[in-house]
Structure formats: structure tokens, C-alpha cells
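See below for the structure under consideration.
The values are calculated or read from the model by the stated rules, or taken from the named source; none is laboratory data. These numbers come from a predicted model, not from an experiment. Ideal geometry is used to build each Cβ from the backbone, glycine not excepted, and the neighbour counts take in all protein chains shown.
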Amino acid sequence: MLFPADRLLNWLGTNGLLMALTVLGAVLVARFVTWLGERITRRIDERYQQSDELVRSEATKHRHSVAQVVTWMVIAFVYIVATLKVFDYLALPIGSLVAPATVLGAALGFGAQRIVQDILAGFFIITERQYGFGDTVQISVTGASEDAVGTVEDVTLRVTRVRSAAGEVITVPNGQINKAVNLSKDWARAVVDVPIPVTADIAAVNDILRDVGEAAYKEDRVRELLLDEPSVMGVESLEVDQVSIRMVARTLPGKQFQVGRLLRARIAAALRSKGITVTPQLDTASVVERAEAS
């Protein structure tokens, strides 16, 4: 007959050792999968950086996101299997835990349903290619007063991480996303509204803007960001003290803000050279730029 201490030593030498090896193996496998996933995503990024492309292709962004999601799923699967094996080594009958698990599941149902909602929403985000790594997005979040705007750094089945222009990392549960605006999908449009006094010659301003667009399109550093020549749409709005003339330009994905800034500087200089200024009621002394994706 074995004493309790002998039984403990016997268990530690058999099931206890196997349980420790299982936990250690799960940790090592999870770290290996994480390392492998990071290596794959790093290789995808290096291919893009070594290429002549100015922006990531949709296929590249999707592959990067899929690699992140697959890594997350494999790690979760490894830990679930390891947990079940530990239960087995502890001689805990899985079948007898069904009833308590049912009660516990009902008690945690309201909390768990949000996790399920996040995972389902993340699944559709990935499969439908709504956005991916490197995309510039504007996400409307339930209960938030402001939208999350920035560049996508990580997409999993549960959360989306976005880095804002100020460097802040915003983590959004996928199930709480009401609307996601992708500002870098396929192509984008830079929209520049030029406010001028009502006394200015609108036809002359239109000619100036066309000349600015033609000159910008001939510049190599601007043309490589454009899909076609900027065009003048005409009067966008008419107010008591000012008239707003709109100029638009189709750009590469995510480059609408850069193109808008370049056009704004050239428009401001061209208007100043012609003696045309914006109305004094405005806070800014030059051109107001708005960029939107289409």
C-alpha cells in the first residue's frame, strides 16, 4: 500500500510530468507559430518595400491580414487542445463537466455573446476584404462620440487596431463597428475646395485652377501619385461673402491627403500671384482642403 507521499511522487513522475511537458510544449508551439507568422508578414512587407509600387496592392494587404488571423487562430487552437489534455491528466472527466459548463455558459451568455459577435464580424471583415493591413480607415464605433481614424496595423477575428495620425493606437472590437470607411480602397479622390470673394472673377479663377492642375500633372513627383489630370468641377457653394470652387483629382489609394496638400500649396501661390485672396472672415489664409475616398 502506497502512502500519500508515494502516490504524489508516483503521479508527479507520470501524469504530472506529462502535464508539465504538455504546457511547455503548448507554449513553445505558440511562440513558434507567432515567430512564423511575424516572419511571413515581414516577408510580405519586404516584398512591397523592395518593389517599385508606391502603395500596397489589395492582394498584398489581404495576405497580410489573413496571415495575422491564421496565426491567431492556430495559437488559440493549440491552447485549447493543451487545456483539454491537462484535464485528462488531472483525471477530470470531460463528460461530467457538461452539465456545469451548461449552467456556467448560461450565466456567462450575455458576456460571451459579445465575443461571438466580435469573431463573426471579424470573419466577415476578412472574407469580404472590407479593409486590411495598411489601409487608411474611418471607423464608426458604437457608443463613441468620435470615429476612429488612422492606419490599420492589426486585424484579428476579434479586434481591429488602428494607429491615428497622432501616433495613438486605437483598439476597436469588431462587433462594435457600425460603419467602416476605407479611404485607400483601389483608388481615392482628393477634393480641394477653394473659397474666394464673391467679387472675384470666377471664370479667371477656373482658368487658374486648370493651369495649376495641368502644371502639377506634368511634375514627376505629383504625377506618380495621380491616376489622371486634376479637374475643376466649378462652383460648389455660394454664400453671402464667398464662393467655393471645387477641384478634384483621382489618386492612388491613401495618397489623397498628400496630393491635396501639394495642390493646395500650388493653388495658394497661383491665387496670390494674381492678387486673389480668400475672404477675411475665414480662419485660414489660403485654401481649405478636404479629402474623401470614393
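Within region 202-216, can one find any residue that is of a type outside the set (Asp, Glu), farther than 17 Å from Arg272 by Cβ and part of a strand (DSSP E or B)? No - not one qualifying residue is present in region 202-216. Looking only at residues of region 117-162 that are more than 20 Å from Gln68 (Cβ to Cβ) and among the β-branched types (Val, Ile, Thr), we find that the one that is modelled with the lowest pLDDT is Thr142. Against the numbered list (1) more than 22 Å from the chain's Cα centre (by Cα); (2) under 30 Å from Val137 (Cβ atoms), Val235 comes up short only at (2).
Restricting attention to region 217-250, the residues that are assigned to a helix (DSSP H, G or I) and under 13 Å from Leu263 (Cβ atoms) add up to 4.
For region 237-275, a residue qualifies if it is free of Cβ contacts under 8 Å to residues at least 40 places away in the same chain and within 15 Å of Leu227 (Cβ to Cβ), and exactly one does: Gln258. Name the single residue that is nearest to Thr127 (Cα to Cα) among those in region 149-165 being in contact with a strand residue (DSSP E or B) (Cβ under 9 Å, 6 or more places away or on another chain) and hydrophobic (A, V, I, L, M, F, W, C). The extreme case among them is Val155.
Taking the numbered list (1) surrounded by 12 or more Cβ atoms within 10 Å (Cβ to Cβ); (2) out of contact with any Gly (no Cβ under 7 Å at 6 or more places or on another chain); (3) at pLDDT 65 or above in turn, Trp35 passes all entries but (1).
Residues in region 14-31 that are without any contact (Cβ under 8 Å) to a residue 60 or more places away in the chain and surrounded by 13 or more Cβ atoms within 10 Å (Cβ to Cβ) were compared, and the one that is farthest from Trp72 (Cα to Cα) is Ala20.
With respect to being of a type in the set (A, V, I, L, M, F, W, C) and at pLDDT 85 or above, Trp72 falls outside the description.
Against the test of being of a type in the set (D, E, K, R), at pLDDT 70 or above and in contact with a helix residue (DSSP H, G or I) (Cβ under 6 Å, 6 or more places away or on another chain), the options Lys61, Lys85 yield a single qualifying residue, Lys85. Among the residues in region 252-261, are any outside the structural domain of Thr136 (by TED's automatic domain parsing), over 26 Å from Val181 (Cβ atoms) and surrounded by 13 or more Cβ atoms within 10 Å (Cβ to Cβ)? No: zero hits.
The single residue among Leu28, Leu12 that is modelled with pLDDT of 75 or more, more than 30 Å from Glu224 (Cα to Cα) and part of a helix (DSSP H, G or I) turns out to be Leu28. Here Asp228, Asp201, Asp193, Asp211 are screened, and the one residue that is at negative phi and in contact (Cβ under 8 Å) with a residue 60 or more places away in the chain is Asp193. Residue selection: Arg163 fails the criterion of being of a type in the set (D, E, K, R), closer than 17 Å to Leu262 by Cβ and surrounded by 12 or more Cβ atoms within 10 Å (Cβ to Cβ).
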